[in-house]
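Structure first, then comments.
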Amino acid sequence: MPSTKKYDFLIVGAGLYGAVFAHEAKKNGKSCLVVDKREHIGGNTFCKKIEDINVHAYGAHIFHTNDKKIWDYVNDFVPFNRYTNSPVANHKGSLYNLPFNMNTFYQLWGVKTPAEAKAIIEEQSKKYQKNNPQNLEEQALSLVGEDIYYKLIKGYTEKQWGRKATELPSFIIKRLPLRYTFDNNYFNDSYQGIPIGGYNELSGGLLEGIDVQLGVDYFKDKIALDSMASKTVFTGKIDEYYNYEFGKLEYRGLRFDHEILDVENYQGNAVINYTEAEIPYTRILEHKHFEFGKQKKTVITKEYPLEASTELEPYYPINDDKNNNRYLLYKNKASNDLVIFGGRLAEYKYYDMHQVIGAALTKTKKLFDN
Ligand code: FAD
Ligand code: UDP
């Protein structure tokens, strides 16, 4: 019997997971309604135009991937520029290139060859070598040794996560490359850039021709919204979906303080990290540099880490054992549900954009190819 529902899918969340899902569903002849409680699409990739500059409203977003299919997919909606992320770290007034590379080693120790740098790192890390580092501190000390850990990692990490580095999972630090070449590219991936015109071009392209309702909190009208579609796709917090019945999943929150400055070029780089514990923000962004902007003024953002509470936006899932085990209880419950859960909040995973897009493409391929 044909369904009497208005839509095939109700999609909760207009972030990248929801937008890719909706786009693929439409391509396969399905109708979708996308709702988001925010007043804009794009989720955390949303850019706000200020002084003709695309301001990354929820923190620096740099697209990078090794997967040519995902790169081609996003470039079909909007061309990307050649931006290469090369943040600089400021530690007590001295500047160091990131990620950890020959420029950093020269700035730290005056060494000029990979052999000299390797010798220092080996000397400083040998007493921390372990087969299976148990936490971020052990992992970092065994990889890069004491100077880098104490100047560039410990302070930043502990304020970012609000926890001791000994209480954090080691995988977080493995995101950063360590290389013995003079190469300040923050990522090892083959493809990298920023959408020309900002990320709204990408989310807008994905959602073109799809019904979207903004300012709609799913939980305020769940029964009515669910009844409009044959199936629901949920990209919000999975613990909230189940009314926190196994307890709350913890997140790190952020406060973004945006400032317009009457100067053309404030810091000469898109991202400068402040790695000592005493400075309360983790980084300052200068948005025009993501797009090589020539505007007369500039917009900067200081990112202040916060403990997320249910009232604040959740940004970073804290994937330690306690939270991961709690998430498994939710995941198990969700596996018996007809709802599809996807994205950073619903899968409680420290996903980058390309991974969220990949996850949504895999899911939709599985659904629609059969
Ligand atoms: P989101 O973008 O969070 O979208 C979920 C949407 O669901 C939100 O818009 C939310 O309002 C909506 N929603 C939730 N609950 C409800 C409800 N009850 N009713 C209605 N709507 C609801 N990735 C990179 O690749 N490179 C980077 O440089 C990078 N930098 C980042 C920096 C920061 C500070 C953060 C926080 C993330 C960064 N990311 C980066 C990760 C990237 O933002 C995510 O991978 C991606 O945006 C996640 O997409 P999503 O659709 O899963 O979630
Ligand atoms: N990190 C650090 N010092 C830095 C930058 C990063 O110690 O100057 C650590 C920190 O623990 C951070 C992790 O590396 O959470 C991952 O950094 P990344 O820049 O990938 O974080 P994101 O952009 O996701 O906030």
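Please find, within segment 33-67, the residue that is farthest from ligand 1 (Cβ to nearest atom) out of those that are on the phi > 0 side of the Ramachandran plot and out of contact with any strand residue (DSSP E or B) (no Cβ under 8 Å at 6 or more places or on another chain).
52
Need pairs with beta-carbon distance below 7 Å; first residue more than 21 Å from residue 15 (Cβ to Cβ) and within segment 304-322, second assigned to a helix (DSSP H, G or I) and at pLDDT below 90; sequence gap 6+ or separate chains.
Close Cβ pairs (under 7 Å, with a partner that is assigned to a helix (DSSP H, G or I) and at pLDDT below 90) do not exist here.
Only one of (1) within 15 Å of ligand 1 (Cβ to nearest atom); (2) open to solvent by 20 Å² or more (accessible area, probe 1.4 Å); (3) farther than 25 Å from residue 333 by Cβ fails for residue 222. Which number is that?
Of (1) within 15 Å of ligand 1 (Cβ to nearest atom); (2) open to solvent by 20 Å² or more (accessible area, probe 1.4 Å); (3) farther than 25 Å from residue 333 by Cβ, only one is false for residue 222: (3).
Which residue is farthest from ligand 1 (Cβ to nearest atom), if the candidates are limited to segment 70-97 and must be hydrophobic (A, V, I, L, M, F, W, C) and open to solvent by 20 Å² or more (accessible area, probe 1.4 Å)?
Result: 95.
I want to confirm something. Restricting to segment 72-104 and keeping residues that are part of a helix (DSSP H, G or I) and free of Cβ contacts under 8 Å to residues at least 60 places away in the same chain, which single residue is nearest to ligand 2 (Cβ to nearest atom)?
104
Scan segment 275-291 and tell me whether some residue there is over 30 Å from residue 90 (Cβ atoms), charged (D, E, K, R) and not in a helix (DSSP H, G or I). Step through it out loud before you land on a result.
From segment 275-291, those over 30 Å from residue 90 (Cβ atoms) are none; that's our starting set.
Within segment 275-291 (the criterion being over 30 Å from residue 90 (Cβ atoms), charged (D, E, K, R) and not in a helix (DSSP H, G or I)), the answer is no, since none of the residues qualifies.
Could you grab me the full set of residues in segment 159-211 that are hydroxyl-bearing (Ser, Thr, Tyr), surrounded by fewer than 19 Cβ atoms within 10 Å (Cβ to Cβ) and part of a helix (DSSP H, G or I)?
Once the filter is applied, which keeps residues that are hydroxyl-bearing (Ser, Thr, Tyr), surrounded by fewer than 19 Cβ atoms within 10 Å (Cβ to Cβ) and part of a helix (DSSP H, G or I), segment 159-211 yields 166, 170.
Does residue 143 satisfy being more than 16 Å from ligand 1 (Cβ to nearest atom) and touching an Asp or Glu at 6+ places or on another chain (Cβ under 9 Å)?
The answer is no for residue 143.
Right, residue 329: open to solvent by 10 Å² or more (accessible area, probe 1.4 Å) and away from ligand 1 (no atom under 15 Å from the Cβ) or not?
On the way: open to solvent by 10 Å² or more (accessible area, probe 1.4 Å): yes; away from ligand 1 (no atom under 15 Å from the Cβ): yes.
Yes, satisfied.
Open to solvent by 30 Å² or more (accessible area, probe 1.4 Å), at negative phi and assigned to a helix (DSSP H, G or I), is that true of residue 296?
For residue 296, the condition - open to solvent by 30 Å² or more (accessible area, probe 1.4 Å), at negative phi and assigned to a helix (DSSP H, G or I) - is not met.
Across segment 335-364, what is the number of residues that are under 24 Å from the mean Cα position of the chain (by Cα), open to solvent by 60 Å² or more (accessible area, probe 1.4 Å) and either without any contact (Cβ under 8 Å) to a residue 12 or more places away in the chain or farther than 18 Å from residue 70 by Cβ (or both)?
2
What are the pairs, 6+ residues apart or on separate chains, where a residue within segment 134-157 that is on the phi > 0 side of the Ramachandran plot has its Cβ under 8 Å from a residue that is part of a loop (DSSP other than H, G, I, E, B) and open to solvent by 10 Å² or more (accessible area, probe 1.4 Å)?
none
What pairs come up if the first residue lies in segment 43-58 and is at pLDDT 95 or above, the second is of a type in the set (Gly, Ala, Ser), and their beta carbons are under 6 Å apart, counting only those six or more places apart or on different chains?
Within 6 Å, the pairs are 43/15; 46/57; 47/198; 48/57; 53/293; 54/198.
Considering only segment 146-156, how many residues are open to solvent by less than 10 Å² (accessible area, probe 1.4 Å) and within 16 Å of ligand 1 (Cβ to nearest atom)?
Total meeting the criteria: 0.
Filtering segment 252-290 down to residues that are among the small types (Gly, Ala, Ser) and at pLDDT 95 or above, which residue is nearest to ligand 1 (Cβ to nearest atom)?
The selected residue is 270.
Among 305, 280, 314, which is open to solvent by 50 Å² or more (accessible area, probe 1.4 Å) and within 22 Å of residue 165 (Cα to Cα)?
Going through 305, 280, 314 in turn, the sole match is 280.
For (1) under 30 Å from residue 289 (Cα atoms); (2) among the charged types (D, E, K, R), each residue gets a yes or a no:
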| position | (1), (2) |
| --- | --- |
| 153 | yes, no |
| 157 | yes, no |
| 174 | yes, yes |
| 190 | yes, no |
| 205 | yes, no |
| 209 | no, no |
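The values are calculated or read from the model by the stated rules, or taken from the named source; none is laboratory data. The structure presented is a predicted model; accordingly, all values stated were derived computationally and were not measured. All Cβ positions, glycine included, derive from the backbone under ideal geometry; neighbour counts span all protein chains shown. Side chains are part of the model used for accessible areas, which takes the heavy atoms of the whole protein and leaves out ligands, DNA and RNA. Shrake-Rupley method; radii C 1.70, N 1.55, O 1.52, S 1.80 Å.
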